[in-house]
Structures are given as structure tokens and as C-alpha cells.
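The values are calculated or read from the model by the stated rules, or taken from the named source; none is laboratory data. Source: prediction; values computed, not measured. Here Cβ is always computed from backbone atoms with ideal geometry, including for glycine, and neighbour counts include all displayed protein chains. Surface areas here come from the heavy atoms of the whole protein model, side chains and all, with no ligands, DNA or RNA. Shrake-Rupley method; radii C 1.70, N 1.55, O 1.52, S 1.80 Å.
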Amino acid sequence: MNYFSIIIPVFNNTNEEIDRCLQSILNQTYNHYEIIIVDDGSNRECAAYLDNYKRNNISIYHKTNEGVSNARNYGLKFSHGNYITFVDVDDIISKTMLEEADKILSENDIDILYGLVEYVHDISSIELNRDLLNNFKLLSLEDKKMLHTHMYHLGMKQFWRSNSYVSRGPVAKILKKSVMDNNLFNTSLIFGEDEEWNFRILESQNYNMAIAYNTWYYYIFTESSTLHRFRLNFIELSEQRLKIMQSFIWNTNDQVELMKEGFSVIKEIFYRYYFSKENTQSFFSINEDFNQLLRREIWKSIFRFDLVYKFDIGLLIKYFLLYLRILPLILYLYNITNKKVR
């Protein structure tokens, strides 16, 4: 029987988020686990609220703020489980996650077990009381290569089931403690740390990996999430993240998927930076700024015309909209239309 250590970093989260997350874990149909909460320098109110949860299988550790990667590594030091998993406190997990994982891990020698995540806006839509599932696949060397390619844009169909997919984050993944001890999070990064960690693990061909095609984890969308906050240096951080991903490229399939991700990042830059209420630039200024941006080496190395023979029709259209400098105008008009509709 396996013992799981669930590590949860916390930084100034609301009582509601903390309750919702921890309740989803305490409702597990499997009881052999511990919860390690790492308070990463939260305010007094949040820290005090966390202490209310102290009990036999829940440990609370308070530390100075050093970032989520440091907090995860810190929690690992105090773990007793033979398997490790991570949960973000503003999300929830399926009540059968650990029981389903235990069944698979007890019958197979697996170093890393991937589950599926789903992105949800409406918590009431989540099916928390489903039956146990046992749908999994041991990954061949070719499967691992495909998973590596998937991690660039999350677009490979074999790693999706309906609205759920294998994500780039450390969540919905269960790792042997020995594997995690040798693959700590890079604490020098403040953006792209999840991608770097994931690709670094996939670089090793020696780990036995499997995918449980079960939705184990629910990303809860909130406007206040760290992922959606306005950042003055958002463009620079996005470029850093793309450079990290680029450093792990194995083949042209990876390069094409990175180009697709590049277009997604451009969309994020427009909606989360250029079109945000905090940015007061005119469209003409934005357009000029963006055209200057595309002259940087990182963007030139991502949007490569020599790969056109591997483009699908959607990527081909996006490429030429970018090349003809029409893409910013389309995004601008779409943004104006959307505001009017709302």
C-alpha cells in the first residue's frame, strides 16, 4: 500500500480557497496520505487560518517568501511518502485521485504517473462523485517523445480526453520520492519554472512513465490568479519562458509546436498587456511596439518560414497574418467587439 505526500504552497490565499482545496483532499476515498502545507510568507491572517488545519496527517510550515518553486522544494524535505504530488491551493482534486493512483502504482513499477487536468470556470459543473476508473497506459519510448512534443503547445490529441489533458504544470502528476529528490524545482526562475521542470524530467529516457486517463485535477479560473494578473514585465517574462522551452527542442515537430505556442503567447501579450486597462498606449503605438518586438532574436528563431512544409492550414494562416502585419489589427478589432458584447 502506497503512502502519498501532498505538498501545497500557500501565499496570501483566501479562507474560501484554502477550505475548498483541503476539503477536496480530505474527501479522498483513500486514506494513506499526508498533507504538507508550506506557507510562503503569507500575511498574518492567512498564516493563522492555516494553523487551524493542523492535525495528525496535516503539517504546516511557515517560512519567508521565496517563491513557489522554493516552497515546493521546502515541503519535499519534510515528506514521508514513497510518492509525491503537488496541489495549488486555489484548485481542487478528484476525490478518487489517490485510490486510482494507488491501484495503478501497486500493480506496476512506475516512476512518474501523469493524470489529466481540466480548466473550469464554474465549480458546480465538476463531477466529483464519479466511479473509480482504471484507464491507464504505460508509455513506450515513442510515447515519451510524443509527450515531449505535446508539452510545447498541449495540442497532441492522444494526451487529451474530452476537456481534460496532460498539463505542463507539476500538478496531476505522482512521482516516486527518489525521482523528485533528483529533480527539484529551479528556484532561479520566476516564470516558466513549471515548463523547465517538466521538460527536464522528460529528458531522461530511463524513467518508467504512465498516463492515467482520468481527470484528477481541476484548475479553477479566477481573475485574481497569479497567472492572470497584469505584469509590467510580462513581455520579458514570456520571452524567458519561450527561451526555456526552446532549449529543450529535439526535432522539427517540437519546433512547429513551439511556433504554435508562440502564437498563443502573442495573443496573451496583447490581451494581458497591450489591451489591459493598465496600459495607456494607442493602437498605433502598440502596433509599432509589437513590430519592434518581432525583430528580437527569440521571435525570429520561433517563427521560421523554412518549416512551412509542416504547417497545417490554421498555422499557415496565422503565419501570413503575422508576416503581413495584419495580426495586431485583427486582435485589436476582436478585443473592441468583445468589450461591446460584454
Meets criteria (in a helix (DSSP H, G or I) and at pLDDT below 95) for Thr337 = yes
Condition test on Ser301, is it open to solvent by 20 Å² or more (accessible area, probe 1.4 Å), closer than 28 Å to Lys157 by Cα and outside any loop (DSSP other than H, G, I, E, B)?
-> yes
Which of the residues that make up segment 182-215 are among the acidic types (Asp, Glu), at pLDDT 95 or above and either open to solvent by 30 Å² or more (accessible area, probe 1.4 Å) or more than 27 Å from Leu232 (Cβ to Cβ) (or both)?
-> Asp194
In segment 265-298, what count of residues is obtained for those that are aromatic (Phe, Trp, Tyr), farther than 24 Å from Gln246 by Cα and part of a helix (DSSP H, G or I)?
-> 3
Quick one: Asn198 ticks every box in (1) under 17 Å from the mean Cα position of the chain (by Cα); (2) in a loop (DSSP other than H, G, I, E, B) except a single one, so which number is it?
-> (2)
Residues in segment 137-153: is at least one β-branched (Val, Ile, Thr), modelled with pLDDT under 95 and touching a Phe, Trp or Tyr at 6+ places or on another chain (Cβ under 9 Å)?
-> no
Residue match in segment 248-262 (condition: outside any helix (DSSP H, G or I), under 26 Å from the mean Cα position of the chain (by Cα) and surrounded by 14 or more Cβ atoms within 10 Å (Cβ to Cβ)) | yes
Tally, over segment 263-286, of residues that are open to solvent by less than 40 Å² (accessible area, probe 1.4 Å) and not hydrophobic (A, V, I, L, M, F, W, C) | 4
Out of the residues in segment 28-76 that are free of Cβ contacts under 8 Å to residues at least 24 places away in the same chain and open to solvent by less than 40 Å² (accessible area, probe 1.4 Å), which is farthest from Ala101 (Cα to Cα)?
-> Ala47
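Is it the case that segment 190-197 has a residue that's on the phi > 0 side of the Ramachandran plot and in contact (Cβ under 8 Å) with a residue 40 or more places away in the chain?
Checked segment 190-197: at least one residue is on the phi > 0 side of the Ramachandran plot and in contact (Cβ under 8 Å) with a residue 40 or more places away in the chain.
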Enumeration of residues in segment 144-175 that are surrounded by fewer than 17 Cβ atoms within 10 Å (Cβ to Cβ), outside any loop (DSSP other than H, G, I, E, B) and not polar (S, T, N, Q) = Lys144, Met146, Lys157, Trp160, Arg161
Candidate set from segment 229-247 (those that are open to solvent by 50 Å² or more (accessible area, probe 1.4 Å), charged (D, E, K, R) and touching a residue at least 12 places away in the same chain (Cβ under 8 Å)); member that is farthest from Lys267 (Cα to Cα) = Lys243
Tell me which residues, restricted to segment 96-143, are open to solvent by less than 80 Å² (accessible area, probe 1.4 Å) and among the basic types (Lys, Arg).
-> Arg130
Among all residue pairs at least 6 apart or on different chains, which show Cβ distances below 6 Å where the first residue, located in segment 307-333, is closer than 13 Å to Phe270 by Cα and open to solvent by less than 50 Å² (accessible area, probe 1.4 Å) and the second is among the aliphatic types (A, V, I, L, M) and at pLDDT 95 or above?
-> Leu327/Leu321
Given the conditions (1) at pLDDT below 95; (2) surrounded by fewer than 18 Cβ atoms within 10 Å (Cβ to Cβ); (3) closer than 28 Å to Asn73 by Cβ, and given that Ile220 satisfies all but one, which numbered condition is not satisfied?
-> (2)
Lone qualifier among Leu113, Leu132 - being among the aliphatic types (A, V, I, L, M) and in a strand (DSSP E or B) = Leu113
Do the conditions hold for Tyr119, that is, is it at pLDDT 95 or above, part of a strand (DSSP E or B), within 19 Å of Tyr219 (Cα to Cα) and aromatic (Phe, Trp, Tyr)?
-> no
Of the listed residues (Thr222, Thr187, Thr252, Thr280), the one being touching a Ser or Thr at 6+ places or on another chain (Cβ under 6 Å) and hydroxyl-bearing (Ser, Thr, Tyr) is Thr187
Conditions (1) at pLDDT below 95; (2) among the polar types (S, T, N, Q); (3) in contact with a Lys or Arg (Cβ under 9 Å, 6 or more places away or on another chain) -> Thr85 fails only (1)
